[in-house]
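Everything below concerns the one structure shown next.
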Amino acid sequence: MPIVLSLETSCDESAAALVSNEKGKIVVLANEIASQVAEHAKWGGVVPEIASRRHLENLPFLIEEVFSKSTVKISEIDAIASTVTPGLTGSLLVGSITARTIANLYQIPFLGVHHLEGHLASIYLSEKHPKPPFLVLLVSGGHTELIKVDIFHKYHRLGRSHDDAAGEAFDKVARLLGLSYPGGPAIQEIAKSGDPNRFSFPKCRVSNPKGGFYPYDFSFSGLKTSVFRKIETLKLDTKKLPIEDIAASFENVVAEVLVERSLRCVVDQGLNSLVLVGGVAANQRLRRMMLEKASEKSVEIALAPMEFCTDNAAMIGSAALLRLNSGKDISSLELGVAARWPLEQSDLLYDLNPPF
Ligand code: KG4
Ligand code: ZN
């Protein structure tokens, strides 16, 4: 029953968790988050310098908190993990240096975790999760990707966004509508009382220079421009913008695009399971639509638990436990942090000669 202390500081959430593996099941013993959202909201987005300073202030308290809430002692942990890529370099460094210091002090293994592998591993915090092979739709503030998982830790990216990520589109459209940051939850809330069919926004596709379109790729910047133009036109005719209807129509088209392209991909690949993870996976309309449309095609859907969709440390601990279970995956204390690193090469984070 290994116990892992995990830290997440890649963006604007400082988080710590304790997870363990009990009878083949990943159990969250404690999970704490100090959100900086309110502070960054004043600026309309994440300010990197503020984020790293807050991580530095928050982390010692969060670590104390997970031990006091779980009754586990620091001397009882078997390994420590932190996100090392991708993310804001200064923020990643805070978690990684803290983790490596504890690893050194207590002479326990350190695991540097790829943030996207963390999101993928959030599915193992759910009761229902498929065995590979399966397809993952990973939708967050920085990524919109369709990833085929053949066996544990072997990834093959089949689709991606060529411009804005889905979460980024939510954040930008929310700003156009005068809603708060982060945009996803704000749009979801106001869209509840809106008409999703009032406005028809485009389902943008990505052209293949060799002809036709990339079937599993995404583009959201044209959609954002279309919402902007609609707002400008409406402003000429009306004093009060129908922001509920705009929000609902936008949310609906994003959900339709995500659902249609991922179901097409899962069917084309001859798979029958689709996993939904990442911050945007918390969206109720998307979850509902995905379950509904998938049942028509007999595709099994596994949804990350709501509380583990947006950034948290339990998912980082879950990824670390899966690496530990594979036997040989421990990172060098020399492993640093990187703003970007391909998920497909996350095995190298456990190399004796680290890539960064
Ligand atoms: O996974 P996450 O917490 O951080 C990244 O790794 O990026 O995702 C954050 C993104 C933000 O863009 C936020 O607006 C979006 O997820 N988000 C949502 C919802 N909750 C968070 N988007 C749509 N609906 C939601 N309920
Ligand atoms: Zn994330």
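The values are calculated or read from the model by the stated rules, or taken from the named source; none is laboratory data. Small disclaimer: the values here were computed from a predicted structure and weren't measured. Note that each Cβ is placed from the backbone with ideal geometry, even for glycine, and that neighbours are counted across all protein chains shown. These area figures cover heavy atoms from the full protein model, side chains too; ligands, DNA and RNA do not enter into them. Shrake-Rupley method; radii C 1.70, N 1.55, O 1.52, S 1.80 Å.
For residue 151, are the conditions met, namely being open to solvent by 20 Å² or more (accessible area, probe 1.4 Å), at negative phi and either within 16 Å of ligand 1 (Cβ to nearest atom) or assigned to a loop (DSSP other than H, G, I, E, B) (or both)?
yes
Among the candidates 84, 94, 72, 113, which residue alone is modelled with pLDDT of 95 or more, under 20 Å from residue 19 (Cβ atoms) and open to solvent by 10 Å² or more (accessible area, probe 1.4 Å)?
72 is the lone residue from the list that is modelled with pLDDT of 95 or more, under 20 Å from residue 19 (Cβ atoms) and open to solvent by 10 Å² or more (accessible area, probe 1.4 Å).
Can residue 161 be described as open to solvent by less than 40 Å² (accessible area, probe 1.4 Å), more than 15 Å from residue 248 (Cα to Cα) and within 16 Å of ligand 2 (Cβ to nearest atom)?
yes
Do you know which residues across the range 44-76 are in contact (Cβ under 8 Å) with a residue 60 or more places away in the chain and over 18 Å from residue 118 (Cβ atoms)?
44, 45, 72, 74, 76
Would you be able to say whether some residue in the range 29-48 is part of a strand (DSSP E or B), away from ligand 1 (no atom under 16 Å from the Cβ) and buried (at least 19 other Cβ atoms within 10 Å of the Cβ)? I'd like the intermediate steps shown before the answer.
Of all residues in the range 29-48, those part of a strand (DSSP E or B) come to 29-35.
Keeping just the survivors that are away from ligand 1 (no atom under 16 Å from the Cβ) gives 29-30.
Then keep just the ones that are buried (at least 19 other Cβ atoms within 10 Å of the Cβ); that gives 29-30.
The answer is yes; a qualifying residue exists.
Please determine whether any residue of the range 333-341 is open to solvent by less than 20 Å² (accessible area, probe 1.4 Å), not assigned by TED's automatic domain parsing to the domain that holds residue 275 and not in a loop (DSSP other than H, G, I, E, B). Break it down into steps so the answer makes sense when it comes.
Start the filter on the range 333-341 by keeping residues that are open to solvent by less than 20 Å² (accessible area, probe 1.4 Å), which leaves 335-336, 338.
Narrowing the set further to residues that are not assigned by TED's automatic domain parsing to the domain that holds residue 275 leaves 335-336, 338.
Among the residues that remain, those that are also not in a loop (DSSP other than H, G, I, E, B) are: none.
Checked against the condition, which is being open to solvent by less than 20 Å² (accessible area, probe 1.4 Å), not assigned by TED's automatic domain parsing to the domain that holds residue 275 and not in a loop (DSSP other than H, G, I, E, B), the range 333-341 yields no hits at all.
Each row is one residue, and each column tells you yes or no for (1) within 14 Å of ligand 1 (Cβ to nearest atom); (2) among the small types (Gly, Ala, Ser); (3) assigned to a loop (DSSP other than H, G, I, E, B); (4) within 13 Å of the chain's Cα centre (by Cα).
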site: 94; (1), (2), (3), (4): no, no, no, no
site: 129; (1), (2), (3), (4): no, no, yes, no
site: 138; (1), (2), (3), (4): yes, no, no, yes
site: 145; (1), (2), (3), (4): yes, no, no, yes
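Every residue, every condition in (1) closer than 28 Å to residue 83 by Cβ; (2) more than 16 Å from ligand 2 (Cβ to nearest atom), yes or no:
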residue	(1), (2)
236	no, yes
243	no, yes
257	no, yes
261	yes, yes
293	no, yes
308	yes, no
311	yes, no
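Any residue in the range 15-25 that is under 18 Å from the mean Cα position of the chain (by Cα) and hydroxyl-bearing (Ser, Thr, Tyr)?
no
Looking at the range 1-27, which of the residues that are within 16 Å of ligand 2 (Cβ to nearest atom) and not in a strand (DSSP E or B) is most open to solvent (accessible area, probe 1.4 Å)?
Ranking the candidates gives 11 first.
Can we say residue 181 is more than 11 Å from ligand 1 (Cβ to nearest atom), crowded, with 20+ Cβ neighbours inside 10 Å, assigned by TED's automatic domain parsing to the domain that holds residue 265 and among the aromatic types (Phe, Trp, Tyr)?
So residue 181 does not fit the description; no.
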